[in-house]
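Quick notes on the structure that follows.
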Amino acid sequence: MTSTGTPRHFLNIDDFSYSELRGMLNAAGSLKARLKDGDRPQLLKDKVLAMIFDKQSTRTRVSFDVGMRQLGGETIMLSGQEMQLSREETLADTARVMSRYVDAIMIRILSHADLTELADYSTVPVINGLTRRAHPCQIMADLMTFEEHRGPIKGAKVAWVGDSNNVLHSWVNAAELFECELTIAVPDEYWPEKDLMLDIEKAGKWVKLIEDPREAAENADLIIADTWVSMGDTDAAERRRVLKPYQVNTNLMALANKDALFMHCLPAHRGDEVTDEVIDGPQSVVFDEAENRLHAQKAILCWSLGVDV
Ligand code: CP
């Protein structure tokens with residue numbers, strides 16, 4: 001509604017330069033510090049964010065909503081099912097209409113092509129709240145969390161253990177930009193699909209793809225797990241069987257550096273991809289990671305709406 005010129009979409013990590021993302025991370029840190037001091041700058045006063053969820057969410061939904069309120073803005077929450085989208089109104093028409101009402105749109109929709117189409121027709125910023133390809137807001141929170149605990153991520157050894165999914169794809173893009181060494185351990189059965197493979201190849205020396213979770217964990221500064229059954233997966237029992245050796249447990253964590261962190265974007269399936277001992281243990285930062293969704297997304301919203309923090 002208030003956008004002029006090209007809208008500042010936030011769709012993929014690899015749409016950005018290192019310095020643009022670093023600027024957003026710095027802004028997130030500043031907003032977090034100010035909030036802890038009781039300072040809630042009304043940077044988005046009178047701005048309205050429409051949030052469309054085609055799939056379930058706890059963190060994305062609540063953190064965007066609270067973030068907008070803390071910055072003086074408002075949100076409208078919609079499910080894909082209650083919109084005319086579910087009755088075959090096109091994404092293009094939806095984008096053009098919504099752009100006349102609101103200042104920004106955040107959407108969770110599995111099809112990345114649908115996200116891109118919405119963004120192409122929107123004259124206000126569109127933010128990716130998760131597609132099957134990417135989860136860029138999550139990775140901003142992950143980077144912020146690592147750096148709060150361990151300092152610059154540059155040069156850090158990061159291990160991804162499990163299957164290949166959207167969170168991993170955004171980590172691959174981040175590894176190249178932030179120059180950390182990402183080792184991905186996935187079973188042959190869940191080897192990355194073509195577009196992720198292309199980005200792994202593009203990342204060059206920063207990303208290594210192997211099968212052995214123990215090799216990935218060795219001397220790691222950070223071990224990341226994610227749910228084995230992502231939204232849209234229909235083969236839960238088979239995935240659990242194949243991925244069993246990829247569980248992050250105390251034996252796997254013991255191979256990493258002694259002060260290595262454990263992250264998981266949540267929701268976690270305890271006893272599958274991670275044990276209680278690890279996720280509730282001293283190396284786990286999963287709740288800081290969840291909290292940082294709030295601060296990182298406030299910075300993303302300010303960037304998208306052209307507001308300096
Ligand atoms: N990590 C994440 O995106 O959580 P939700 O699915 O609860 O939003």
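Residues in region 113-153 that are more than 21 Å from residue 59 (Cα to Cα) and either assigned to a loop (DSSP other than H, G, I, E, B) or of a type in the set (Ser, Thr, Tyr) (or both): 116, 121, 122, 123, 124, 151, 152, 153. Just one of the listed residues (35, 43, 31) is touching a residue at least 40 places away in the same chain (Cβ under 8 Å), closer than 22 Å to residue 102 by Cα and in the same structural domain as residue 121 (by the TED database), namely 43. Screening 156, 134 for residues that are modelled with pLDDT of 95 or more and either crowded, with 24+ Cβ neighbours inside 10 Å or within 17 Å of residue 294 (Cβ to Cβ) (or both) leaves exactly one candidate, 134. Filtered by the rule that a residue be in a loop (DSSP other than H, G, I, E, B) and among the small types (Gly, Ala, Ser), region 1-60 gives 3, 5, 17, 38, 57. Among the numbered conditions (1) of a type outside the set (S, T, N, Q); (2) more than 20 Å from residue 288 (Cα to Cα); (3) in contact (Cβ under 8 Å) with a residue 40 or more places away in the chain, the only one that residue 224 does not meet is (2). Kindly indicate whether any position in region 171-188 is part of a helix (DSSP H, G or I), within 16 Å of the ligand (Cβ to nearest atom), without any contact (Cβ under 8 Å) to a residue 40 or more places away in the chain and closer than 23 Å to residue 8 by Cβ. No, region 171-188 contains no residue that is part of a helix (DSSP H, G or I), within 16 Å of the ligand (Cβ to nearest atom), without any contact (Cβ under 8 Å) to a residue 40 or more places away in the chain and closer than 23 Å to residue 8 by Cβ.
Among what's in region 100-144 and is away from the ligand (no atom under 16 Å from the Cβ) and among the small types (Gly, Ala, Ser), pick the residue that is farthest from residue 167 (Cα to Cα). Taking the candidates together, the pick is 122. The set of residues in region 56-76 being closer than 16 Å to residue 265 by Cα and in contact (Cβ under 8 Å) with a residue 12 or more places away in the chain consists of 56, 57, 58, 59, 60, 61, 63, 64.
Of all residues in region 291-309, those being surrounded by fewer than 20 Cβ atoms within 10 Å (Cβ to Cβ) and under 30 Å from residue 256 (Cα atoms) number 1. Residues in region 100-131 that are surrounded by 22 or more Cβ atoms within 10 Å (Cβ to Cβ) and of a type in the set (Gly, Ala, Ser): 104, 122, 129.
Applying the criterion of being aliphatic (A, V, I, L, M), buried (at least 18 other Cβ atoms within 10 Å of the Cβ) and within 14 Å of the ligand (Cβ to nearest atom) to the residues of region 32-84, the residue that is farthest from residue 114 (Cα to Cα) is 51.
The values are calculated or read from the model by the stated rules, or taken from the named source; none is laboratory data. If you're wondering where the values come from, they're calculated on a predicted model, not measured in any experiment. Note that we place each Cβ from the backbone using ideal geometry, even for glycine, and neighbour counts take in every protein chain shown.
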